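Right, one structure below, let's go through it.
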Amino acid sequence: MAISFRRIEESVFSSLASWARRQPNAKCLSLPEGDFAYEQVHQDVVKLASRLASRGVGQGQYLAVEGDRYFQIIGALAIGALGAASATLPGDLDSKLIVQRHFDYVLAESAAPVLAKIRHIQVDLQGLESGNKGSEIVELAKTDLGLPYRVSFTSGSTGKPKALVGSQRDVLIRGKLAGGNTKNHVTLSFFPLQSSLGLYRVSDAISSGGTYLSIGNLDFTFNQIEKWGVTALTLSPVSLRRFIEDCQSRGKRLQQIELIHTTGAPLEVSLERKAAEFFQCDVQTVYGSVEVGRVAISSTARVSLEDQGPVLKGMTVEIVDDHGNPVRRGEPGFVRLKSPTMADGYLFTEDQDQSSFRDGFFYPGDKGLIALDGRLEVFGRTDEVANLGGVKINLSEVEEYCRKVLDLIECCAFTWNDHNEELQLGLAYTNPNGLDAESVSSTLMMGFASLAPSTYLELERLPLTSNGKPDRQELRRMAQAQTGNV
């Protein structure tokens with residue numbers, strides 16, 4: 001799908017104001033909190049923006065929003081109308097360590113001088129007056145589309161969330177690109193609003209005068225599909241697997257689904273085929289990143305996990321060697337990416353954390369090649385970084401933890417693919433101190449929760465490569481042999 005990067009002339013707020021005049025009673029948002037018409041959403045945004053403006057919120061500020069889904073959306077739109085940028089705090093914490101880490105990190109950054117914090121400001125919008133700020137807020141609809149608008153957080157290569165900022169123009173363009181071939185469908189998004197894809201979907205729906213549909217609990221989600229006649233789902237591979245299981249447990253086939261659009265992590269071929277067979281529809285998977293946006297897209301015709309499909313128009317993908325020199329088509333190397341909406345770097349980080357941005361490209365840490373037919377193939381992360389369900393974890397971080405906490409001096413973290421082609425994390429170690437296996441696994445569960453290794457290899461000595469480094473390829477083979485996945 002070709003997108004003009006020069007035709008984005010309206011901000012999200014000005015689009016909302018325009019649609020509120022043209023179709024005031026049309027549904028803008030369908031959330032667990034209720035359905036909200038364009039006129040109501042617009043009025044509430046103006047009220048909240050007026051309140052924030054009276055408190056000194058304006059251009060160049062970064063703010064965090066916390067609240068239910070409706071308030072998260074209203075807050076982001078109101079802050080954007082004032083020319084400021086917002087980040088959404090996770091609303092539903094669970095036991096997963098990565099979520100708690102993300103929450104703590106965002107809170108820590110929101111306390112910094114450069115990030116004003118708006119928490120517990122969920123006011124009674126019905127009782128809030130626009131006052132004399134209403135016309136001023138409407139005028140701000142013409143604000144510079146290049147101003148910072150959205151702050152998104154990514155786990156980064158070390159597992160520590162890193163902040164990226166996007167302008168209104170970037171968010172609107174990415175919203176159109178993120179839709180893929182779902183444009184002609186009634187689409188239900190499974191992505192939370194604190195994710196970049198969540199707000200892209202909201203912004204795209206509002207800019208086109210459509211209705212943003214959100215999921216909720218399982219009963220609400222099934223009701224949304226039936227109520228709105230949903231024909232396309234956009235979700236992560238993990239959510240897709242769980243949703244198929246939910247459908248099976250409830251005896252629902254959802255034969256009206258025509259397209260499934262996955263992104264956020266690699267989609268295993270086995271899961272792709274299972275989804276295509278269960279829903280009897282096309283399944284698309286997207287390769288990209290928060291830093292650059294959507295890069296390539298493939299469909300059910302894939303024959304391998306590595307196949308990411310053709311590179312999209314407007315995106316630049318190069319495969320380079322260890323020295324950053326481009327290699328010929330068909331030759332493997334390191335992937336580097338460039339797009340018109342690419343971030344300039346990470347916010348709130350030291351210079352050494354910007355190493356992924358260099359030479360005008362973003363280096364995601366992936367290995368791959370561009371086939372002779374132009375399709376992108378990605379073999380996975382570099383040896384030191386694992387991408388587990390969309391969460392990047394540095395293998396050396398796991399090893400360092402084992403050395404400090406368990407005194408496992410000789411250890412090596414590695415990844416391997418199980419019989420479902422899902423990436424698993426393993427740990428190999430020598431055990432001179434005689435620790436029992438339960439102590440090792442329970443200690444790592446305490447330290448890494450859902451990101452802890454699922455496979456353990458206690459060895460007399462670690463296999464080494466010719467240059468004396470742990471041989472992760474051999475450890476993968478050993479893990480597969482131990483679990484019968486040879």
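Values in this text are rule-based calculations from the coordinates and carry no lab data. Only a predicted model underlies this, so the values are computations on that prediction, with no experimental measurement involved. Neighbour counts are summed over all protein chains in view; Cβ atoms, including those assigned to glycine, are modelled from backbone coordinates with ideal geometry.
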Q | Neighbour net charge for V286 - beta-carbon separation under 12 angstrom, K R +1, D E -1 | A | +2
Q. Listed highest first by mean packing, meaning other Cβ atoms within 10 Å per residue, what order do 163-169, 236-242 come in?
A. 163-169, 236-242
Q: For a label point 7 Å from the Cα of K227 along Cα→C-beta, name the residues of segment 13-31 whose backbone N is under 20 Å from it.
A: 24-31
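For M446 and E410 in one chain, what is 0.36 nm times their gap in residues minus the Cα-Cα distance, to one decimal in nm? Please report the intermediate quantities before stating the final value.
Details: separation 36, 0.36 × 36 = 12.96 nm, distance 2.06 nm.
Once the chain is fully extended between M446 and E410, it gains 10.9 nm.
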Q. With each label point set 7 Å from Cα along the Cα-Cβ vector, what nm distance links N433 and R461?
A. 2.3
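Take each of the peptides 396-407, 321-332, 252-263, average the number of other beta-carbon atoms within 10 Å over its residues, and list them starting from the highest.
252-263, 396-407, 321-332
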Q.
Need the full-extension length gain, S304 to V327, defined as separation in residues times 0.36 nm minus the C-alpha distance. One decimal, nm.
A. 6.0 nm
**Q.** Chain lengthening between D219 and A26 when straightened (0.36 nm per residue, less Cα-Cα)
**A.** 67.1 nm
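What is the projected area of the convex hull of the Cα atoms of segment 385-482, averaged over all directions, in nm²?
On the way: hull surface 24.9 nm².
For the Cα atoms of segment 385-482, the hull's average projected area reads 6.2 nm².
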